[in-house]
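A quick write-up on the structure given underneath.
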Amino acid sequence: MNKKILIVDDEAPILELLEEIFSEEGYSVVKALNAEMALDVLKKNRIRVISLDLMMPGMNGMELCRSIKKQYPMTIVYALTGHISLFGVSECIEVGFDDVFLKPVDVDSFKKAIEYAFDKLERWTAR
Amino acid sequence: MTVLDIDSIDDIVWCPLFDTVSDLVSLHSSDGSVLNVNKAFADFFGKSPDAWVGEKCFNLFRRAGTIISDCPIHRMLLADKKNVNMELEIGEKIFDEAASPVRNRNNEVIGCIHILRDITVHKQIEKAREETERLKTVVEMAGGISHDINQPLTVFSGYMDLLQRKLPEENEKLHDYLVKMKDEIERMKEISKKLANVTRYRATDYPGSEKIFDLDESSKA
């Protein structure tokens, strides 16, 4: 399976860090600074594992997840956010996020989650 | 300005209707002495209405031995000659205190009607509302700060991990520096977590008679 990840965050240093971390693990990383860029990337590329920041200018991460899940239901979407309440977590589940990670993220846990996402997609699409 | 069809304060007929109101009502002569009180007044202060006649207002309401400048009755009688309103605390109760002039047919101020309205509950609600507002502000601010700190902390922590993995193991000194730096990053993460979990406002003493926000107490479950 093509191990491509889309990472969406309005903070460029975070995009660069995650690109560095996941490139070393053998993933191909595509970055987007906002929701508009992310949707544009998804139109042109088949990417099934996505990490979204929640607080972004313009369309926020929750609205973006709702849109992604509607257009591309066979995707695994994780929230990677700087702050969330318990109510916020349930809202995230409601809009379709498959998991929620809090910054600063535990890199090993996040790597495992990305690996798990690809394993899951392989099982779904295995014939 | 209401003028009564009387000459002196002694001509006033005390109205029984005053006994039906919950406000504490008292009638005073021009030197502040009590002439009459209603039932609510008598019940609150624990003596029959007759027992109050002749009492000086400054003794009764402010436990002062003499006229004091912030007494609304004397302010009204001696200077303003019109309604005076202020707040008065008696024990645990807070009252809205009003002193209104009684004028005779010649428009001379001959005495005063003094009314105490219990606003204790209203004040408690106001205080609770202010506390809630303040707490809401503190929680929102703490959450916002936590969110903003977590962004650079993510980058800092992530590159520290990468550095630690890429640094040759033989370089013990540099690894040691990295461990120390990582320990402090973990501390910063804990601080940020506490900020995100603030549920109350507590302050602690700081040298120099200042107070500062106590994050540990404010974020305790």
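Values quoted throughout were computed directly from the atomic coordinates according to the rules given, and no laboratory measurement underlies them. No experiment lies behind these values; they were computed from the predicted model shown. In this analysis, Cβ positions are derived from the backbone assuming ideal geometry, glycine residues included, and neighbour counts consider all displayed protein chains.
Take each residue of peptide A:95-107, count the partner chain Cβ atoms within 10 Å of its Cβ, and average: the result is 4. Computed from the Cβ-Cβ distance with R0 of 22 Å, the FRET efficiency linking B:Met181 to A:Asp106 stands at 0.80. Classification of chain A by its C-alpha gyration tensor yields a rounded form. The axis ratio a/c (a ≥ b ≥ c) stays under 1.5.
A straight Cα-to-Cα reach below 29 Å connects B:Lys47 with the lysines B:Lys39, B:Lys56, B:Lys93, B:Lys123, residues fewer than 8 places away in its own chain not being considered.
Subtract the Cα-Cα distance of B:Asp19 and B:Asn59 from 0.36 nm times their separation in residues, and report this length gain in nm to one decimal. All intermediate terms of the calculation are to be shown ahead of the outcome.
Working: separation 40, 0.36 × 40 = 14.40 nm, distance 2.32 nm.
Here the answer is 12.1 nm.
Given R₀ = 30 Å, what would the calculated FRET efficiency be for A:Ile93 paired with B:Met160, taking r from the Cβ atoms and rounding to 0.05?
Values: r = 31 Å, r/R0 = 1.05.
Working from the Cβ atoms, E equals 0.45.
Centre-to-centre separation between the Cα atoms of the range A:46-91 and those of the range B:1-72: 70 Å. Less than 13 Å Cβ to Cβ from A:Asp106, Lys/Arg counted +1 and Asp/Glu -1: what total charge do the surrounding residues give? Cβ neighbours under 13 Å give a net charge of +2. Taking 0.36 nm per residue of separation and subtracting the Cα-Cα distance, full extension of the segment from B:Tyr206 to B:Arg117 would add 27.9 nm.
A simple count of charges around B:Ile125, restricted to other residues whose Cβ falls under 14 Å of its Cβ and scoring Lys, Arg +1 and Asp, Glu -1, yields -2.
For B:Glu172 and A:Glu115, what is the calculated FRET efficiency with R₀ set at 30 Å and r taken between the beta-carbons, to the nearest 0.05? Provide the component values of the computation, followed by the final result.
Values: r = 32 Å, r/R0 = 1.06.
Working from the Cβ atoms, E equals 0.40.
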